[in-house]
Each structure stands twice: as C-alpha cells, then as structure tokens.
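Trainee: Shown below is the structure under consideration.
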Amino acid sequence: MRLSTLKKGQSARITAIHAEKELKHRFNSFGVIKGATITVERYTLGRKTMEIRINKTRMAIRLSEAETIEIGV
C-alpha cells in the first residue's frame, strides 16, 4: 500500500521508501523514515500535493513522491 492511497486524517506506519537517493535524504531530514507513523493532514484542491505530519513536523509533498513511500495500516 502506498502513502498516496490514504485519505485525509488517516495514519499509517512507513514500511519502506523506494525513492531516489536525493529524495530519500530530504525525507530523512524531516523524519520520514522506516518505522515512523505518518498522518495525512490534507490534500490540495487539484490533489497534486498533500500535507503530511510526522510527530510535530508538517511538510507538503507531491503525490508522485508519496507513491515512493510504502505503508502498513
């Protein structure tokens, strides 16, 4: 299951990240790592980006980036 499939308000645990090296480093700097619990806060109107929360950190990512994050509910 991919992060992009979650609905607003849903949470899941990250099981794997299948991103390129640079994107993986960016994710790591924000705490988006294997084992972390991630919550979808909201989607943009065009549903091209999503706001996520990990602990107290919020960030916006593209849906294409969310496709690289594998989750387990």
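The values are calculated or read from the model by the stated rules, or taken from the named source; none is laboratory data. Every value quoted in this text rests on a predicted model; they were computed, and no experiment measured them. Every residue, glycine as well, gets a Cβ built from its backbone with ideal geometry; the counts of neighbours run over all protein chains shown.
Trainee: Can you find a residue in region 20-38 that is in a strand (DSSP E or B) and either charged (D, E, K, R) or crowded, with 16+ Cβ neighbours inside 10 Å (or both)? Don't jump to the end; show me each part of the working.
Mentor: Pass one, region 20-38, residues in a strand (DSSP E or B): 37-38.
From what's left, either charged (D, E, K, R) or crowded, with 16+ Cβ neighbours inside 10 Å (or both): 38.
Among the residues of region 20-38, at least one is in a strand (DSSP E or B) and either charged (D, E, K, R) or crowded, with 16+ Cβ neighbours inside 10 Å (or both), which makes the answer yes.
Trainee: Let me ask something else. Out of (1) in a strand (DSSP E or B); (2) free of Cβ contacts under 8 Å to residues at least 12 places away in the same chain, the odd one out for ILE52 is which?
Mentor: If we test ILE52 against (1) in a strand (DSSP E or B); (2) free of Cβ contacts under 8 Å to residues at least 12 places away in the same chain, just (2) comes out false.
Trainee: Search region 39-48 for residues being out of contact with any Leu (no Cβ under 7 Å at 6 or more places or on another chain) and modelled with pLDDT of 95 or more, and hand back the single one that is nearest to LEU3 (Cα to Cα).
Mentor: The residue in question is THR39.
Trainee: Counting just the residues of region 44-73 that are touching an Asp or Glu at 6+ places or on another chain (Cβ under 7 Å) and exposed (fewer than 14 other Cβ atoms within 10 Å of the Cβ), which one comes out nearest to PHE30 (Cα to Cα)?
Mentor: Filtering region 44-73 for residues that are touching an Asp or Glu at 6+ places or on another chain (Cβ under 7 Å) and exposed (fewer than 14 other Cβ atoms within 10 Å of the Cβ), the one nearest to PHE30 (Cα to Cα) comes out as ARG58.
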